[in-house]
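Structure, as structure tokens:
The values are calculated or read from the model by the stated rules, or taken from the named source; none is laboratory data. What you see is a predicted model, and the numbers here were worked out from it, not measured in a lab. Glycine gets a Cβ as well: all are built from the backbone with ideal geometry, and neighbour counts include every protein chain shown.
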Amino acid sequence: MAETRHTKVLIIGSGPAGYTAGVYASRAMLNPILVQGIEPGGQLTTTTEVENYPGFTEIQGPDLMIKMQEHASAMGCEIIGDIITDLDTSARPFKATGDSGTVYTTDAVILCTGARAKWLGLDSEEAYKGFGVSACATCDGFFYRGQEIVVIGGGNTAVEEALFLTNFASKVTLIHRRDELRAEKILIDRLMKNEKIEPLWDHVLEDVLGEDTPKGVTGVRVKNVKTDAVSEIPCKGVFVAIGHAPANELVKDVLELHNGGYVSVKPGTTETSIPGIFAAGDLTDHKYRQAITSAGMGCMAALDAERFLAEQE
């Protein structure tokens, strides 16, 4: 028979938002349970050096998440390696079902399921993730000082990444499958005026080229979608900027969403459209998407949940 567990606060997700919520909810004596989800530690576990998280001049992404997990655990947060497959918000207490069969009932939920960068799905792209292939210019751009790099995409994300990367790179080639960008006009104007950026129209990425000793990217193979002509571009970094997708599967049909699937929260809070359900981190943040802002929202969510529960009593 499936086990049933009850907690005052159930935290779903284990990135910076989830673990920080665990720290604060534990310090509020709420005895939270945190269910880690399909990717314990979140997106930072797929990065290498992190140099922009306060307190660490440089730390590996997976190491930072281990430290956050240890901190939450030390404060008293119970951390469980399970995956929530269903969340029933129709009645209180809310009911979450784990892949393990365990049913978690809870008075408040903090959603920290994050977002996932969209990828092209190439084998070579997967092979060089963290070794020259990235989906976060603000995370990894610093490592390509004086190097030639390419950006894949044609929307706001791609243009913003390309512009940001000119702070470091000697040249940025923006590869887009169409002959015009889908970004905001002001961003396009800035891009076209930047001498470091060279757009490559009507092309798609066919392959990431690289070497294994040491492991790293050496270039890309691209194809012209109109002529089928194939060519190679030397580069040290490949930034895939075709957007992010919030991991909203649990709540996409019950919570208010915005900007293509991100969970809406009331301004200045982490309160969602259902009282007692809170959202933090990249699940709700389409703008900043940084570890430090996610951690800050995790703190907010725990404090919001504490106030909500006090008012219920």
Would you mention how many residues in region 169-181 are among the small types (G, A, S) and buried (at least 16 other Cβ atoms within 10 Å of the Cβ)?
1
Scan of region 117-145 for residues that are buried (at least 17 other Cβ atoms within 10 Å of the Cβ) and either in contact with a Pro (Cβ under 7 Å, 6 or more places away or on another chain) or among the basic types (K, R) (or both), ordered by number
K129
Any idea which residue in region 40-95 is farthest from A137 (Cα to Cα), counting only those that are among the β-branched types (V, I, T), part of a loop (DSSP other than H, G, I, E, B) and modelled with pLDDT of 95 or more?
T89
Considering only region 300-311, I want to know if a residue exists there that is at pLDDT below 95, in a helix (DSSP H, G or I) and crowded, with 22+ Cβ neighbours inside 10 Å.
no
Return yes when K171 is over 28 Å from D123 (Cβ atoms), in contact with a Lys or Arg (Cβ under 9 Å, 6 or more places away or on another chain) and charged (D, E, K, R) and no when it is not.
no
Among the residues of region 244-256, which ones are under 21 Å from L10 (Cβ atoms) and out of contact with any helix residue (DSSP H, G or I) (no Cβ under 8 Å at 6 or more places or on another chain)?
E249, L250, V251, K252, D253, V254, L255, E256
Residue in region 87-105 that is surrounded by the most Cβ atoms within 10 Å (Cβ to Cβ), counting only those that are under 21 Å from A301 (Cβ atoms) and out of contact with any Lys or Arg (no Cβ under 7 Å at 6 or more places or on another chain):
A96
Those residues of region 76-95 which are of a type in the set (D, E, K, R) and touching a strand residue (DSSP E or B) at 6+ places or on another chain (Cβ under 6 Å) amount to E78, D82, D86, D88, K95
Is one or more of the residues making up region 224-240 polar (S, T, N, Q) and loosely packed, with under 14 Cβ neighbours inside 10 Å?
yes
I292 fails exactly one of the following numbered conditions: (1) in the same structural domain as L111 (by TED's automatic domain parsing); (2) surrounded by fewer than 17 Cβ atoms within 10 Å (Cβ to Cβ); (3) part of a strand (DSSP E or B). What is the number of that condition?
(3)
Restricted to region 79-104, and to residues that are among the hydroxyl-bearing types (S, T, Y) and under 16 Å from Q36 (Cα atoms), which residue is nearest to the chain's Cα centre (by Cα)?
T85
What's the number of the condition T113 fails, among (1) under 28 Å from A305 (Cα atoms); (2) touching a residue at least 40 places away in the same chain (Cβ under 8 Å); (3) assigned to a strand (DSSP E or B)?
(3)
Could you run through region 73-126 and say how many residues are touching a Ser or Thr at 6+ places or on another chain (Cβ under 8 Å) and hydroxyl-bearing (S, T, Y)?
6
Counting just the residues of region 127-144 that are modelled with pLDDT under 95 and in a helix (DSSP H, G or I), which one comes out nearest to G243 (Cα to Cα)?
A137
For I110, all conditions in the list (1) outside the structural domain of G276 (by TED's automatic domain parsing); (2) surrounded by 21 or more Cβ atoms within 10 Å (Cβ to Cβ); (3) touching a Leu at 6+ places or on another chain (Cβ under 9 Å) hold save one; what is the number of the exception?
(1)
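One line per residue, one yes/no per condition, for (1) assigned by TED's automatic domain parsing to the domain that holds E126; (2) without any contact (Cβ under 8 Å) to a residue 24 or more places away in the chain; (3) surrounded by fewer than 16 Cβ atoms within 10 Å (Cβ to Cβ); (4) not in a strand (DSSP E or B):
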site: V150; (1), (2), (3), (4): yes, no, no, no
site: N167; (1), (2), (3), (4): yes, no, yes, yes
site: A183; (1), (2), (3), (4): yes, no, no, yes
site: M192; (1), (2), (3), (4): yes, yes, yes, yes
site: P199; (1), (2), (3), (4): yes, no, no, no
site: G210; (1), (2), (3), (4): yes, no, no, no
site: V220; (1), (2), (3), (4): yes, no, no, no
site: V251; (1), (2), (3), (4): no, no, no, yes
site: L255; (1), (2), (3), (4): no, no, no, yes
Scanning region 152-165 residue by residue, those part of a loop (DSSP other than H, G, I, E, B) and touching a residue at least 40 places away in the same chain (Cβ under 8 Å) turn out to be G153, G155
Would you check if T113 is within 30 Å of I84 (Cα to Cα) and among the β-branched types (V, I, T)?
yes
